Amino acid sequence: MYTTNAWYRTHGYHPPFDTWFVLMWVTFLIMVTGYFGFSLKFIEEDRYYTKEFFIEDGGINNVHRQKSTWSFLGILFSSIIIFTCMKVSLTDTSDKRVMKESKERDMSYAMVKGIPVVVDGWCSICKSNVGSGTRHCKFCNKCIQGYDHHCRWLNCCVAESNYRTFILFVISTFIASTMSLWLAINAIGMYFNSESKYNYELILHNILPSSTLNTVFFGLFINILLILLSSIIMAFVGHLLFFHIRLCKYYKIYFIFMNYL
Ligand SMILES: [Zn+2]
Ligand SMILES: [Zn+2]
């Protein structure tokens, strides 16, 4: 059956949306709510705890400064993540030469498995000549200039035009998840410290509705969930970052080696 179509994804916010893309935004909202609505509160309330002991040597001011620093860093990194994440998804990564020709894509070719799509500068789906480094993305159904990979979390391709922004997004996500993990550990640490346990429970009652069946249990559940989520994001993004840094190093070694030939 010979089928043609003109459909291609213009950017990451062009449907259909990948399940991972939706999951990414849901996770981001959970983390931001957890950071500002839960973990951060335990730093502010620390003030009551330190008041009696450190009032003379400026303990209150220190805690105030600590709280505003964490808020500032939280707002800063959330903004960087939103900005870079949207910029990566909205950047035009297509091969301009192919787009200029704008031919209908041959989908019958795409359905044949095991045959390379781009061979000798010719894309068999777009029916066009393509630049070197161009690959045809099956998710976006278009030719991508300087193709690196298709990111299902951002619902778009990562290529030469958005690679730097993508790395910035990965770095800021890694830092933000480390911060979330640190704050969540700080909060749960209060519960396991006999001196601050009372304050932990006091703060929990301020955050969660008093009608909650078992506030302390529910609070600990949220706390553990935030620790787990932050750790998973840190591990995942850290691995990705390590992989890309290693790749950059190999490229460098490769170019140095090529210069000697
Ligand atoms: Zn193509
Ligand atoms: Zn793609």
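Nothing in this text is a laboratory measurement; each read-out follows from the coordinates by a stated rule. Not measured: the values here are computed from a predicted model. Neighbour counts are summed over all protein chains in view; Cβ atoms, including those assigned to glycine, are modelled from backbone coordinates with ideal geometry.
Of note:
- Measuring spread by the Cα atoms of the stretch 93-249 yields a radius of gyration and Dmax of 24.3, 71 Å.
- Estimated at 0.36 nm per residue, the fully extended path between residue 19 and residue 138 surpasses their Cα-Cα distance by 41.2 nm.
- For the stretch 122-253, the residue among 235, 245, 141 whose Cα projects farthest onto the positive side of the dipole built from Cβ charges is 141.
- Once the C-beta distance of residue 69 and residue 171 is scaled by a Förster radius of 22 Å, the resulting FRET efficiency is 0.65 to the nearest 0.05.
- If the chain linking residue 30 and residue 87 were pulled fully straight, counting 0.36 nm for each residue of separation and taking away their Cα-Cα distance, it would gain 18.4 nm.
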